[in-house]
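Accompanying notes for the structure given below.
All of the numbers you see were taken from the coordinates with simple rules; none came from a lab. Everything quoted here is computed from the prediction, not taken from an experiment. Positions of Cβ are generated from backbone atoms using ideal geometry, with glycine treated the same way; all protein chains shown enter the neighbour counts.
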Amino acid sequence: MNVNRRHLLTGSIGAAAVALTASACASEDSGSNGGSGGGGKVGIAMPTKTSERWIFDGDNLKTSFEDAGYTVSLQYANDEPDKQVSQIETMVGQGVDVLVVAAIDNKSLGGVLAQAKEQEITVIAYDRLILDTPDVDYYVSFDNTKVGTLQGTYIVEALDLENAEGPFNLELFAGALTDNNTKYFFDGAWAVLEPYVTEGKLVIRSGQTSLEQIATENWDGSIAQERMDNILSNSYKGDNKVDVVLAPYDGISRGIVAALQSSGYEKMPVITGQDAEVESVKYIIEGLQSMTVYKDTRALASTTVDMVLASIDGGEVEVNDTETYDNGDHVVPANLLDPVSVDVNNYQEEVVDSGYIDEADLA
Ligand code: BGC
């Protein structure tokens, strides 16, 4: 991994840049937006509205691209891969210059992206890498391994695993197998936790440790809740209690809390999360969830727009990782932002004072 080295890459999308410049000129002639990138069209394909972050992402991207003079088509596909493919097909048919895609199924987009490339459309994989296709130009995301590292490290510190004898009962949850991020999150956390499992300080009573066993279809909190219900009734009979749960995303964390509550837990175990969703920040304040990983989607949107504009203006796009994200066809040059661990001690500073969440929404 090479996330510290700031690195300038020459854009591989010169033809698209020319096409966009031409379309910008045409728009100027017809009296629309001028200026850098002005007059271009961007298609934004988001996965779902069931999770708050994608609504923020879509809104932030739309505003940032419109501010840069673009016309925007923003679509959500309700976590249905086929629907996302047909939405992108429509965008290609509408003659967009740029596609920004947060994939639902990382392997289902090859066909439609081949069509996009025939039209010389610039393709940005947004937050989630798109696999097995030559037709992705750039990847913009957060450091996904670090997300997992922050979750694992939080657990180590919360239980004082260096000094405590334990053993503590741990259960593991991961995201959707169709999302390339899932493995990065889990591997980042597991690298930190596994030595304590080997040592016997952490015990996984369910025995469920493989990614296939711990994955959560569609990142769906109710599916996680059901799995936690089953784990509690099968592996925690008698006095055995769950001490800690690795959960990859706030919606899953809240499903786990619901299962624990219905099985009579009053004090919650250590539970991780991700996304700093309003409901989960409330849970953190109430002591129901321990932490979340905050990823500022405003910064992700503005970085995306900067990358697109740079490629169009001068053919130089800022990336900071040219090694980690091999999509099965090529290593996709990536710009990775920094995620932040948030708990009851720093949520005010990180997510409220920064304006990410409105304090009134936490009341
Ligand atoms: C994103 C996470 C999000 C998850 C579920 C992942 O691809 O990186 O931020 O929690 O999807 O929506």
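The table that follows gives values for the structure above.
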read-out: Between helix 14-29 and the chain: long-axis angle, C-alpha atoms, 0 to 90°, nearest 10; value: 60
read-out: Antiparallel bridge percentage (DSSP; both residues within the chain; nearest 5); value: 25
read-out: Cα-based equivalent ellipsoid of the range 301-363: semi-axis lengths in Å, sorted from largest, via gyration tensor; value: 33, 17, 9
read-out: Ranked by how many other beta carbons lie within 10 Å on average, peptides 199-206, 179-186 from highest; value: 179-186, 199-206
read-out: For the range 205-363: rounded, prolate or oblate by the Cα gyration tensor [a/c cutoff 1.5]; value: oblate
read-out: Packing-based order for 262-271, 248-257, 138-147, using average beta carbon neighbours within 10 Å, highest first; value: 248-257, 138-147, 262-271
read-out: The chain - Rg (one decimal) and Dmax (whole number), Cα, Å; value: 21.6, 76
read-out: Estimated dipole of the range 144-294 in Debye, rounded to 20 [Cβ of Lys and Arg +1, of Asp and Glu -1, Cα centre]; value: 140
read-out: Degrees, to the nearest 10: 81-93 long Cα axis against longest axis of the chain; value: 20
read-out: Normalised contact order of the range 144-294, rounded percent, pairs of Cα under 8 Å and 6 or more residues apart; value: 26
read-out: Dipole in debye (nearest 20) - the range 73-165, about Cα centre, beta carbon charges: Lys, Arg +1; Asp, Glu -1; value: 280
read-out: Nearby lysines by direct alpha-carbon distance to K49 (threshold 19 angstrom, same-chain neighbours under 8 apart not counted); value: K62, K83, K295
read-out: Folded to 0 to 90 degrees: helix 250-262 orientation relative to the chain principal axis, Cα; value: 30
read-out: Distance violations [Cα-Cα > 18 Å] among K117/K183; K146/K183; K107/K183; K41/K117; K146/K241; K146/K282; value: K117/K183; K146/K241; K146/K282
read-out: Global geometry of the range 57-96, whether rounded, prolate or oblate, following the gyration tensor of its Cα atoms and the 1.5 cut on a/c; value: oblate
read-out: Cα shape, the range 102-215, gyration tensor, a/c 1.5 rule; value: prolate
read-out: When the convex hull of its Cα atoms is projected in every direction, mean area for the range 144-294 (nm²); value: 8.0
read-out: Note, ³J(HN,Hα) from phi for the range 119-128, Karplus 6.51, -1.76, 1.60, rounded to Hz, x at Gly and Pro; value: 8, 6, 7, 6, 10, 10, 7, 9, 6, 10
read-out: Counting all C-alpha pairs of the range 185-242, share separated by more than 18 Å (%); value: 44
read-out: Dipole magnitude (debye, nearest 20) for the chain, charges at Cβ of Lys, Arg, Asp, Glu; value: 500
read-out: Relative contact order (%) - criterion: Cα under 8 Å, at least six apart; region: the chain; value: 21
